[in-house]
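Step one of this worksheet: look at the structure below.
The values are calculated or read from the model by the stated rules, or taken from the named source; none is laboratory data. This one's a predicted model, so the numbers in the text were calculated from it and none came from an experiment. Note that we place each Cβ from the backbone using ideal geometry, even for glycine, and neighbour counts take in every protein chain shown. Each accessible area value is taken on the protein alone, full model and side chains, heavy atoms only, with ligands, DNA and RNA left out. Shrake-Rupley method; radii C 1.70, N 1.55, O 1.52, S 1.80 Å.
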Amino acid sequence: MTDKLITFTLWAFVINLGVVLGAGLYESRIEAPRWLSADGDGALRWNRDVAVAANVGLRFWVYVSTIPLTLLTLGSLVLLWQAPDPVRGWWMAAALVALIDRTMTFSYFIPSMLKLMTEGIYGEAEAAAKACLWLKLAWVRHAADLAALAAGLQAFASWHARSGR
C-alpha cells in the first residue's frame with residue numbers, strides 16, 4: 001500500500017506542478033495584461049473591474065493550486081521519508097521549493113490580489129504600482145514552480161530507475 005500511495009502522490013504532485021506552472025505562465029502572459037494596461041501616455045492603469053470579473057482566484061486557482069498543490073506539498077513532505085534514497089532527495093527538493101511557493105502564495109499573492117480587487121483600498125496610481133509589483137514577483141513564483149517541477153520529474157525518474165523501468 002505504501003508504494004502505491006507514494007507513487008500516486010508523486011505522480012499527482014508532479015502533474016499538478018506542471019499544470020500550475022503552465023497556468024501561471026498563461027495568466028502572466030494572457031490574462032494579466034488585461035488587468036494592468038498602459039494609458040495613451042504610457043502610465044499604468046489597474047483595471048480592477050476586469051480583474052474582479054475574471055475572478056480567477058475563485059474560478060480557477062482554488063481548484064488547481066490553492067487546495068490541491070498545498071495538500072500535495074504537505075503530503076509529499078510526509079510521504080517522501082518512506083521513499084528510497086535516490087527518490088527522497090529529489091522529492092524533498094521539489095517539496096521544499098513548492099513549500100516556498102505556497103508560502104509566497106498565502107503570505108503575499110492572495111492577500112495582495114484581494115486588496116487590489118477591493119474597491120477603495122488604493123488610489124489609482126498606488127493600485128497600478130502594487131499590481132505591477134505583483135506581476136513582477138509572479139515571475140519569481142513561476143521560477144520556483146519550474147524548479148519544483150524539474151526536481152519532481154527527477155524524483156519520478158529516480159523512482160522508475162530504481163525499479164529497472
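Here Val140 meets each of (1) at pLDDT 95 or above; (2) open to solvent by 80 Å² or more (accessible area, probe 1.4 Å) with one exception, condition (2).
So which residues in the stretch 108-165 are more than 19 Å from the chain's Cα centre (by Cα) and among the aromatic types (Phe, Trp, Tyr), if there are any at all? If the condition is that a residue be more than 19 Å from the chain's Cα centre (by Cα) and among the aromatic types (Phe, Trp, Tyr), then Tyr122, Phe156, Trp159 are the ones that fit.
With under 15 Å from Ala148 (Cα atoms), surrounded by 13 or more Cβ atoms within 10 Å (Cβ to Cβ) and in contact (Cβ under 8 Å) with a residue 60 or more places away in the chain as the only criterion, which of Trp90, Trp46, Trp35 stands out? Of Trp90, Trp46, Trp35, the one residue that is under 15 Å from Ala148 (Cα atoms), surrounded by 13 or more Cβ atoms within 10 Å (Cβ to Cβ) and in contact (Cβ under 8 Å) with a residue 60 or more places away in the chain is Trp90.
Across the stretch 57-79, which residue is least open to solvent (accessible area, probe 1.4 Å) among those that are touching a residue at least 40 places away in the same chain (Cβ under 8 Å) and more than 22 Å from Phe109 (Cα to Cα)? Among those that are touching a residue at least 40 places away in the same chain (Cβ under 8 Å) and more than 22 Å from Phe109 (Cα to Cα), it is Ser76.
Of everything in the stretch 117-136, what is touching a helix residue (DSSP H, G or I) at 6+ places or on another chain (Cβ under 9 Å) and surrounded by 14 or more Cβ atoms within 10 Å (Cβ to Cβ)? Give them in sequence order. Once the filter is applied, which keeps residues that are touching a helix residue (DSSP H, G or I) at 6+ places or on another chain (Cβ under 9 Å) and surrounded by 14 or more Cβ atoms within 10 Å (Cβ to Cβ), the stretch 117-136 yields Met117, Tyr122, Ala127, Lys130, Ala131, Trp134, Leu135.
How many residues are closer than 30 Å to Ala161 by Cα and open to solvent by 50 Å² or more (accessible area, probe 1.4 Å) when one looks only at the stretch 1-32? Summing the residues that are closer than 30 Å to Ala161 by Cα and open to solvent by 50 Å² or more (accessible area, probe 1.4 Å) in the stretch 1-32 gives 9. Pairing residues of the stretch 124-151 that are touching a residue at least 24 places away in the same chain (Cβ under 8 Å) with residues that are acidic (Asp, Glu), at Cβ distances under 9 Å and at least 6 apart in sequence or on separate chains, gives Ala138/Glu27; Arg141/Asp101; Ala144/Asp101; Asp145/Asp101; Ala148/Asp101. Can we say Arg29 is basic (Lys, Arg) and without any contact (Cβ under 8 Å) to a residue 24 or more places away in the chain? In short, yes.
Identify, please: which residue in the stretch 100-116 is open to solvent by 40 Å² or more (accessible area, probe 1.4 Å) and among the aromatic types (Phe, Trp, Tyr) and is, among those, nearest to Asp39 (Cα to Cα)? Looking at residues that are open to solvent by 40 Å² or more (accessible area, probe 1.4 Å) and among the aromatic types (Phe, Trp, Tyr), I get Tyr108.
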